[in-house]
Every structure is written in C-alpha cells, then in structure tokens.
Amino acid sequence: MARRFKTPLLFEAFIFVTLFFGKAAFINAQVAFLSSFLIILASGYAHKKMIKGRMKNGMYADDRDPLDKIDDPHGLFDEEEMNEAPPEELDLRAIVKEEKKKVKPFLFANVKQGAKGSFSLYRLGAYLFLFLGFIALKNNHLLDIRIYLTALLPGIIAGYLFLKEE
C-alpha cells in the first residue's frame, strides 16, 4: 500500500522544487498537478466501476472454449460461412439486410450505462476542482499559463502510474 503512494509523492517532491521559482509558480504547479491527477484517478475509478458492473450483468460473457481462445484469440478462424460467389451473383440487398441485423440497436440502457461512467460524482468533483482552481488563480492574478500547462503533464503521468499499480 505504501509503495503505491510513492509515485505521487515523488512527483510532489519535484513540484516542491518550483517553490524556488516563487510562490506563484508553486501554486500554479500544485493546482495543475492536483487537477490532472484527480481527473485521471476519477476517470480510472469510474471506468473500473463501470466495467465491474457490466461484468456483473453478464455483458462480457464469453462462451468460447478456453483452448480456442488461446489458439485463436481474435476469432479469425471461426467457422462462419463466407460467401465466395462471383460479384455478379451476389444479392447486395440481402447482404445489407443481414449485416444490419448484426448491428446492435440503440438502447436506452446502453446510454444509461455509459452515462454512469461519464457523469460520476468523482469525475465531476475532479473537473470542478480544475475549474475552480483555474478561476481562483486567474482572479488572484497568480495564473502563469506556461507553468500551469506544463504542470498538467506530471499529474497525468502520476495518475496513470498510480492506477497501473492497482
């Protein structure tokens, strides 16, 4: 558990170095780092929660044989019939109708499931922190956009590495 927090703390140590460039640079770097870090964490957590929910509902059920998955992980050698008739003999309308049947129809349940991940409270809170932090820096005449934009990248990297360690 303690190993997991080393990455963000290491990045925080680098941000602490910006204090030598002035108080405004440190505050810009800190707000930008925390904003991007929280957004990545919230997005990762919401996505993970959404996937677990879908797995629980059986949306990712796989009925293929385990050995078949190893031999043909992408289903390239499935035994679907291929229509190898000459182009003159093909009934394009029948083919289009058959392909349309394979496309999943628009379902409100799918939209609802996707919206849960997109509009989770974690993500909304992280974006609210980003917005309010930026506005606070701007209103207090502390915003240095070069430092702010540069400090977003370490937050993204730290968030990615933090989620990867899970």
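Applying a 10 Å radius around every beta-carbon, put 8-14, 156-162 in order of their mean neighbour count, most first. Walk me through the numbers before you get to the answer.
Numbers: 8-14: 14.3, 156-162: 18.1.
Top of the packing list down: 156-162, 8-14.
Considering only Cα-Cα distances, which of the following residue pairs are longer than 25 Å: Lys23/Lys138; Lys49/Lys164; Lys52/Lys101; Lys52/Lys164?
Details: Lys23/Lys138 15 Å; Lys49/Lys164 15 Å; Lys52/Lys101 28 Å; Lys52/Lys164 17 Å.
Cα-Cα > 25 Å for Lys52/Lys101; rest within.
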Practice prompt. State, to one decimal in nm, how far the label point of Leu10 lies from the label point of Leu153, with both points 7 Å from Cα in the Cβ direction.
Written response: 1.7 nm
Item to complete: Can you tell me the order of 39-52, 140-153 when each peptide is scored by its average per-residue count of other Cβ atoms within 10 angstrom, highest first?
Response: 39-52, 140-153
Fill in: Label-to-label distance, nm, for residues given as Phe131 and Phe119 (7 Å Cα→Cβ offset)
1.3 nm
Worksheet item: Label Lys102 and His47 with points 7 Å out from Cα along Cα→Cβ: what is the distance between them in nm?
Response: 2.7 nm
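Read-outs: derived from the displayed coordinates by stated rules, not from any lab. Predicted, not measured: the structure shown is a model, and the values here were computed from it. Using ideal geometry, Cβ is built from the backbone for each residue, glycine included, and neighbour counts are taken over all protein chains shown.
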